[in-house]
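Enquirer: If you scroll down you'll find the structure; I have some questions about it.
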Amino acid sequence: MAEQSGHRVIEPSVLYVGTPVYLVATRNPDGTANLAPASSHFALGRMIVLGLEEGGQSLDNVRAHPELTVSFPASHQWTHVESLAGVTGKDPVPAEKAGQYAFEPRKFERAGLTAIGSDLVGVPRVAEAPLQLEARVARITPGVAGVYGMVEAEVVRVHAAPEIVVEGTDHIDAEAWHPLLYAYRTFFDRGVEVGWTRKNPLAVPPADVERWEVAGGEWRVRSASATTATVELRRCDGGEVADVLTLTEPRDVRWARVQRAIEGVG
Ligand SMILES: Cc1cc2nc3c(=O)[nH]c(=O)nc-3n(C[C@H](O)[C@H](O)[C@H](O)COP(=O)(O)O)c2cc1C
């Protein structure tokens with residue numbers, strides 16, 4: 001059905017618009033670890049909220065033992081993830097999964113991944129994953145349709161491979177980090193960077209602008225394209241334009257585009 005906007009009304013089989021994949025490890029009743037691929041989640045502050053399906057072993061496990069780890073694989077590790085796509089830690093396999101899933105009690109071994117002990121929770125992490133979170137479950141809320149549970153967990157420790165950390169800081173190096181993205185049943189690496197938020201630690205004014213501001217002057221980004229930007233330096237008394245800087249350094253241009261976006265693009 002065509003709409004005024006030219007869009008079509010469609011009934012897609014899934015709504016997986018594109019989310020990083022994670023491997024959630026939980027504790028089985030016998031004390032061994034279960035590991036399952038998932039992608040439904042969001043994080044706000046120190047809390048991470050996972051969407052885990054009812055009838056899966058992972059959700060059963062966190063109901064019994066409220067600890068988990070979330071390991072984010074890199075994009076090139078997708079086959080390890082896919083090796084777990086047809087198995088469940090639940091025995092017997094639930095009726096709705098019969099024929100499509102097999103019981104697998106040794107998920108780490110099957111995926112060719114190494115279980116490494118955690119510092120603060122009694123559930124291992126995936127050693128090979130560049131980013132690993134240890135978390136304690138705070139609340140599990142059943143979803144309205146009864147097909148999933150929302151697991152709210154407090155992240156108590158973060159482990160990052162040195163290659164994805166900006167040296168000398170606790171920041172993840174966004175350029176170096178390549179999560180495995182899952183969109184419409186397809187795995188992707190991320191694309192090239194297209195912009196920053198104003199909170200990006202790299203989004204600082206160019207040195208000349210900073211000096212002007214420290215001296216009490218005002219500035220305004222006059223224009224910014226993909227490759228170049230201009231900044232007016234104005235006097236604090238009356239706002240007369242004292243100079244116009246042309247920025248061409250990619251980092252400075254990105255900063256300028258953030259300033260323009262903050263003012264509104266309409
Ligand atoms: C890429 C990918 C994404 C998935 N996302 C989720 C998800 O967000 N939540 C979920 O519960 N299951 C998700 N699954 C399905 C589970 O991994 C699958 O049902 C598995 O059997 C659960 O294992 P368990 O029963 O041992 O917990 C996903 C699977 C794949 C391969």
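The values are calculated or read from the model by the stated rules, or taken from the named source; none is laboratory data. Computed from a prediction, not measured in an experiment: that's the story for all the values here. For neighbour counting, all protein chains shown are included, and Cβ atoms are generated from backbone atoms with ideal geometry for every residue, glycine included.
Enquirer: Scanning for something within 17 Å of the chain's Cα centre (by Cα) and at pLDDT 95 or above, does the range 134-146 turn up at least one residue?
Expert: yes
Enquirer: Working carefully through the options ALA74, ALA102, ALA64, find the one that is at pLDDT 95 or above and near the ligand (Cβ under 10 Å from one of its atoms).
Expert: ALA102
Enquirer: Which pairs do you get when a residue that is at negative phi, found in the range 52-66, comes within reach of a residue that is among the β-branched types (Val, Ile, Thr) and within 7 Å of the ligand (Cβ to nearest atom), reach meaning Cβ atoms under 8 angstrom, with the pair 6+ apart or on two chains?
Expert: GLY56/THR88; GLN57/THR88
Enquirer: Also, I was wondering about something else. Might you check whether a residue that is in a strand (DSSP E or B) and of a type in the set (Asp, Glu) occurs anywhere in the range 141-157?
Expert: The answer is yes, given that some residue of the range 141-157 is in a strand (DSSP E or B) and of a type in the set (Asp, Glu).
Enquirer: Something else about it: Could you tell me how many of the residues in the range 18-51 are within 14 Å of the ligand (Cβ to nearest atom) and either surrounded by fewer than 10 Cβ atoms within 10 Å (Cβ to Cβ) or more than 26 Å from ARG190 (Cα to Cα) (or both)?
Expert: Matching residues across the range 18-51 total 8.
Enquirer: Out of all the residues in the range 219-266, which are of a type in the set (S, T, N, Q), exposed (fewer than 14 other Cβ atoms within 10 Å of the Cβ) and in a loop (DSSP other than H, G, I, E, B)?
Expert: Listed by number, the residues that qualify are SER225, THR227, THR248.
Enquirer: Still on this structure: Within the set of pairs 6 or more residues apart or between chains, which connect a residue that is in contact (Cβ under 8 Å) with a residue 40 or more places away in the chain inside the range 100-129 to a residue that is exposed (fewer than 13 other Cβ atoms within 10 Å of the Cβ) with Cβ atoms less than 6 Å apart?
Expert: Filtered contacts from the range 100-129: PRO124/GLY117.
Enquirer: Going residue by residue through the range 154-161, is there one that turns out to be within 24 Å of ASP30 (Cβ to Cβ), free of Cβ contacts under 8 Å to residues at least 60 places away in the same chain and either acidic (Asp, Glu) or in the same structural domain as LEU180 (by TED's automatic domain parsing) (or both)?
Expert: no
Each row is one residue, and each column tells you yes or no for (1) touching a Pro at 6+ places or on another chain (Cβ under 8 Å); (2) under 30 Å from THR79 (Cβ atoms).
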| residue | (1), (2) |
| --- | --- |
| ASP189 | no, yes |
| GLY195 | no, no |
| PRO201 | no, no |
| PRO205 | no, no |
| ASP208 | no, no |
| GLY216 | no, no |
| ARG222 | no, no |
| ALA226 | no, no |
| VAL231 | yes, no |
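Enquirer: Now a separate question. Checking the condition at pLDDT 95 or above and outside any helix (DSSP H, G or I), which residue from ARG190, ARG211 passes?
Expert: Of ARG190, ARG211, the one residue that is at pLDDT 95 or above and outside any helix (DSSP H, G or I) is ARG190.
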